Ligand SMILES: [Zn+2]
Ligand SMILES: [Zn+2]
């Protein structure tokens, strides 16, 4: 189950709700993502990579991101590409969990996410790191964003 966090601006009460982590439908999400890659929906580079590396894996965790252009918040699938630390060449059936990625895999490619509002580059962030550094700014007024008490579960 994933968690939804609400961040709010101290000045203008602008809010953003970030749904992070993995839902209960994770295996389905993973399967659909691999299918989308094979169909070239995540770009030729990804498609080719998955064809050449049968043991490749993808990170489907939902992450918070911020646009480097307009400053808006977004939630994206990480979509980092991974290979096993010891390449087996075996076909990867089923889904690879975040734990498995952490333990047995290394990241080889990052996905270039684009902002849906302005087309600028999105930067995937660690929401809690950024909050701890007081680094999150409101896209509307530049005020500091803080984490509210509202916690939401999503599946
Ligand atoms: Zn604001
Ligand atoms: Zn933008």
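The values are calculated or read from the model by the stated rules, or taken from the named source; none is laboratory data. All of these numbers come straight from a predicted model, not from anything done at the bench. Here the Cβ positions follow ideal geometry from the backbone for every residue, glycine too, while neighbour counts run over all protein chains shown.
Would you check which residues across the range 66-95 are within 12 Å of ligand 2 (Cβ to nearest atom) and either over 21 Å from residue 25 (Cβ atoms) or surrounded by fewer than 17 Cβ atoms within 10 Å (Cβ to Cβ) (or both) and list them?
66, 67, 68, 69, 70, 71, 72, 73, listed by residue number.
I want to confirm something. Restricting to the range 141-155 and keeping residues that are touching a strand residue (DSSP E or B) at 6+ places or on another chain (Cβ under 7 Å) and under 28 Å from residue 111 (Cβ atoms), which single residue is surrounded by the most Cβ atoms within 10 Å (Cβ to Cβ)?
Checking each candidate, the answer is 145.
Take residue 85 and tell me if it is at pLDDT 90 or above, over 19 Å from residue 33 (Cα atoms), away from ligand 1 (no atom under 16 Å from the Cβ) and over 20 Å from the mean Cα position of the chain (by Cα).
Yes; evaluated as a whole, the condition is true for this residue.
Only one of these conditions is not met by residue 98: (1) surrounded by fewer than 18 Cβ atoms within 10 Å (Cβ to Cβ); (2) within 16 Å of ligand 2 (Cβ to nearest atom); (3) within 15 Å of the chain's Cα centre (by Cα). Which number is it?
Looking at each condition in turn, residue 98 falls short on (2).
Could you give me the residue pairs with C-beta distances under 6 Å whose first residue belongs to the range 137-148 and is in contact (Cβ under 8 Å) with a residue 40 or more places away in the chain and at negative phi, whose second residue is near ligand 1 (Cβ under 7 Å from one of its atoms) and in a strand (DSSP E or B) wherever it lies, and which are 6+ apart or on separate chains?
Cβ pairs passing all conditions: 138/9; 143/9; 145/9.
Could you check the range 1-116 for strands (runs of 3 or more DSSP E) lying wholly inside it with 1 or more residues that are within 30 Å of residue 138 (Cβ to Cβ)?
2-9, 15-20, 62-67, 73-77
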